[in-house]
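For reference, the structure is listed below as structure tokens.
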Amino acid sequence: MRVLLTGHQGYLGTLMAPILTDAGHDVVGLDSGLYATSVLGPAPSDPPGIAVDLRDVEVDALAGFDAVVHLAALSNDPLGSLAPQHTYDINHHASTRLARLAKEAGVGRFVYASTCSVYGASGTDDILDENAPMRPVTPYAESKVRVEGDLVDLADADFVPVSLRNATAFGFSPRLRADIVLNNLVGHAILSNTIKVLSDGTPWRPLVHARDIAGAVVAALAAPADVVRGEAFNVGSTDNNVQVSDIAAEVKKVVPEAELLVTGETGGDPRSYRVDFTKIGKLLPDFRAGWSVADGAAELAQAYRTHGLTQEAFDRRFTRLAVLADRQAAGTLDATLRPA
């Protein structure tokens, strides 16, 4: 397929572009460039790309593509709370608009990066499948819920949208994110010699490696239309449903000199949940989540040491909230989001 990959210069997109290419697809990127220079180690090789804010895309940009893989978003809960209106404008309204334009342009398949955060404060110990109630507790997760609903409404015989509810990502990417749980704990362990868990360690988190998310996209592009049209799939593996204390213990194994501190100062977490991944294994049999949390911790520790991760870069350049908070305070956030 000829594939338009939005967010190709982000954490996931940087890994996904070559994986899609290796699967035989002709990939073109679309990105505002907000995190293009947030690189640790050698600079990645990007596919040809269009520099544009998601809100400014026009239908002509989508002509000639067989599929859109839509990753671009203001990503994570703290950032969504910092700028909720921008989060809804970009993550919801612009995403739905992109899907409508894709349909108008004759794009056949639309693969949307949603999140298991849609389950939010589940209020249950049950393992949640795709039919579980969605209870988002942040603007970021709420925007994902809204787009999923809009995509179902757009689905027809010729337009095949599918939502991939990714578990919390982990793993090394040249365009690093330090604000996701495993990446963050490994970085703190190496830089400050502490593994600090602020909760009581009991909340459950479903995790998935960034490369496995790319594998799910490849499977969703290849699947028969009738299997994925208007469907949602949890992306991850049962073995990677882990408690925060388990994640910290894996970090301790790869950074044994670091002190493990479970402070409990924030108590539990209402967003504790486990996720069922049966559906994707059954209906998209080409997908396999091969990376364990232990694998990811080891990969991250090696990459951080090899590439000389610094405290300043970890705190500022690779943390989404830090990149934009100063611009929000100065009233220049919108200008920052749009490419020069």
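The values are calculated or read from the model by the stated rules, or taken from the named source; none is laboratory data. Owing to the predicted nature of the structure, the values given are computational and were not obtained by experimental measurement. Positions of Cβ are generated from backbone atoms using ideal geometry, with glycine treated the same way; all protein chains shown enter the neighbour counts. These accessible areas exclude ligands, DNA and RNA; they are computed on the full protein's heavy atoms, side chains included. Shrake-Rupley method; radii C 1.70, N 1.55, O 1.52, S 1.80 Å.
List of remarks:
- Charge sum, other residues only, whose C-beta stays under 14 Å from residue 66's C-beta, Lys/Arg counted +1 and Asp/Glu -1: +1
- Counting only protein heavy atoms and using a 1.4 Å probe, the accessible area of residue 277 comes to about 20 Å².
- Burial order of peptide ranges 32-43, 196-207 (average beta-carbon count within 10 Å, highest first): 196-207, 32-43
- Accessible carbon and sulfur surface of the chain relative to its total accessible area, %, 1.4 Å: 50
- Accessible-area ranking of 88, 11, largest first, probe 1.4 Å: 88, 11
- Listed residues 212, 239, 326, most fluctuating in the chain (Gaussian network, C-alpha, under 10 Å): 326
- Here the sum of -39500 (n - 2.57) over DSSP H runs of 4 or more residues, divided by the residues of the chain, equals -10500 deg cm²/dmol at 222 nm, to the nearest 500.
- Among 69-78, 14-23, 286-295, the peptide with the highest mean count of other Cβ atoms within 10 Å heads the list, and the full ranking is 69-78, 14-23, 286-295.
- Local electrostatic count, residue 214, Cβ distance below 13 Å [Lys/Arg +1, Asp/Glu -1]: -1
- For residue 166, distant residues with modelled amide H under 5 Å away: 114, 115, 116, 235
- A 1.4 Å probe run over the stretch 1-89, with the rest of the protein chains in place, finds 37 Å² accessible per residue.
- Here the contact order of the chain, divided by its residue count and restricted to Cα pairs under 8 Å and six or more residues apart, works out to 20 percent.
- For the pair the stretch 1-80 and the stretch 183-223, the centres of their Cα atoms are 21 angstrom apart.
- Each Lys and Arg adds +1 at its Cβ and each Asp and Glu adds -1 at its Cβ; summed about the Cα centre, the chain shows a dipole of about 360 debye.
- Each principal axis of the Cα atoms in the stretch 37-126 has its own extent, and those three values, largest first, are 46, 38, 28 angstrom.
- Between 305, 165, 109, the GNM of the chain built on Cα springs shorter than 10 angstrom shows 305 fluctuating the most.
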